[in-house]
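**Q** Structure below; questions to follow.
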Amino acid sequence: MKADIVVVGGGIVGLTTAVRLLERGASVLVVTDEALPARTSSVAAAVWYPTGVRPGRATTVRAADTYAELSRQAADGVPGVTLGPCRTYTPARAAELPWWAKAVPGLRPLRTDEATGTWTHGWAFDAPTVDMPVYLDWLVTRFLAAGGLLHHRRVNHLSQAAVWAPLVVNAAGLGAGSLCGDPTMTPVRGQLVVVANPGLRTSLRVQDHPEGYTYVHPRRTDVVLGGTFDADRWDLFPDPATAAAILARCTALEPRLAGAPVLAHPVGLRPHRPSGVRLERDPHLLPGTPVIHNYGHGGSGVTLSWGCADETARLAAT
Ligand SMILES: Cc1cc2nc3c(=O)[nH]c(=O)nc-3n(C[C@H](O)[C@H](O)[C@H](O)COP(=O)(O)OP(=O)(O)OC[C@H]3O[C@@H](n4cnc5c(N)ncnc54)[C@H](O)[C@@H]3O)c2cc1C
């Protein structure tokens, strides 16, 4: 199996990158060790919202590009992608716009009729939301239909990937650090509760809730309730007390959730890198084979996916 570029990692970051590289005319092989990225990408609540990631201009540009792409896909009817109303509540009237405001068209302060409980201030905008298992399936199908190659296999070092192509993309999420000797990669565990949708359409979130990170993200038939940000925790077992606390916080925010049947207790690991996403061309790691790193997206891998894929494709062309 030979290609122009090999992408290691078949989560949201690897697949969007692989699709963009193919669209730019390269032959692309994705090598990934599991058919479904079960610990991270398939678990994501997957609402466009920059969180758990280093703020800054580069992040805002990547988030803006992804917002535009996912909005186009929602309009085109891409499976699993919708654009819907979103409100983010703040403890007090904010003196400044959120740092990522330039990425979002139509961001406005909440109206008084959009308050809920004691939460009266914040911002409203339309946010792309993605049903990840459906969307990842669609990405794989799109990739294969465009001539991409997919190989399920573990890679222990990026030099193993270099036998398949003269350019390697490191998009292995939490696994990326050990592949390139970056010891700063750690998991940030997230626990969610999924309930049947009692007819909700609007995403609600409170980033600075005093009892813990809180969000309500309706999908077509269910609602994803969050959540936790548990630094440096690897376990994937849902904690019943945490689930009860998530349900209580979310029901206080959106009372129509009361009594909604619980469908699942997903737990996943965000690929956290304290200094932010690593997206750069690395000519030194492998002798004679350049590597482009695209990993460390923390809690925003969906939110930054297409922007980072575009940037990787530009780096591949240099
Ligand atoms: C509970 C939760 C909620 C979230 N909610 C949101 C949200 O609302 N919005 C948002 O933007 N983001 C959200 N995220 C974050 C988002 O899920 C991640 O940032 C994103 O999925 C990371 O994608 P990735 O492709 O980098 O990693 P992954 O999905 O982990 O994909 C990497 C792939 O590479 C493979 N791999 C790793 N090492 C190797 C190796 N050595 N050889 C071969 N293959 C390898 C892995 O098996 C995996 O399949 C959430 C995450 C969690 C856990």
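The values are calculated or read from the model by the stated rules, or taken from the named source; none is laboratory data. In this text the structure is predicted, and so the values were computed from the model without any measurement. Heads up, the Cβs are rebuilt from the backbone with ideal geometry, glycines too, and the neighbour counts pull from every protein chain shown. These area figures cover heavy atoms from the full protein model, side chains too; ligands, DNA and RNA do not enter into them. Shrake-Rupley method; radii C 1.70, N 1.55, O 1.52, S 1.80 Å.
**Q** Conditions first: (1) part of a loop (DSSP other than H, G, I, E, B); (2) within 15 Å of the ligand (Cβ to nearest atom). Pro105 passes all but one, so which condition is the exception?
**A** Unmet for Pro105, out of (1) part of a loop (DSSP other than H, G, I, E, B); (2) within 15 Å of the ligand (Cβ to nearest atom): (2).
**Q** Specify which of the listed residues (Pro55, Pro50) is within 13 Å of the ligand (Cβ to nearest atom), of a type outside the set (Asp, Glu) and assigned to a loop (DSSP other than H, G, I, E, B).
**A** Checking each option against the conditions leaves just Pro50.
**Q** Which number in (1) farther than 25 Å from Val19 by Cα; (2) surrounded by fewer than 16 Cβ atoms within 10 Å (Cβ to Cβ) marks the one condition that Pro79 misses?
**A** Condition not satisfied by Pro79: (1).
**Q** So Glu34 passes all but one of these: (1) within 8 Å of the ligand (Cβ to nearest atom); (2) open to solvent by less than 20 Å² (accessible area, probe 1.4 Å); (3) more than 12 Å from the chain's Cα centre (by Cα). Which condition number does it fail?
**A** It is condition (2) that Glu34 fails.
**Q** Right, another one. Restricting to the stretch 128-151, what's the tally of residues that are surrounded by fewer than 17 Cβ atoms within 10 Å (Cβ to Cβ) and not in a helix (DSSP H, G or I)?
**A** 3
**Q** Next question. Being open to solvent by 10 Å² or more (accessible area, probe 1.4 Å), away from the ligand (no atom under 16 Å from the Cβ) and part of a helix (DSSP H, G or I) narrows it down to one residue among Arg93, Arg62, Arg72, Arg20; which is it?
**A** Going through Arg93, Arg62, Arg72, Arg20 in turn, the sole match is Arg72.
**Q** Only one of Val188, Val216 is in a strand (DSSP E or B) and either out of contact with any His (no Cβ under 8 Å at 6 or more places or on another chain) or open to solvent by less than 10 Å² (accessible area, probe 1.4 Å) (or both); which?
**A** Answer to the check: Val216.
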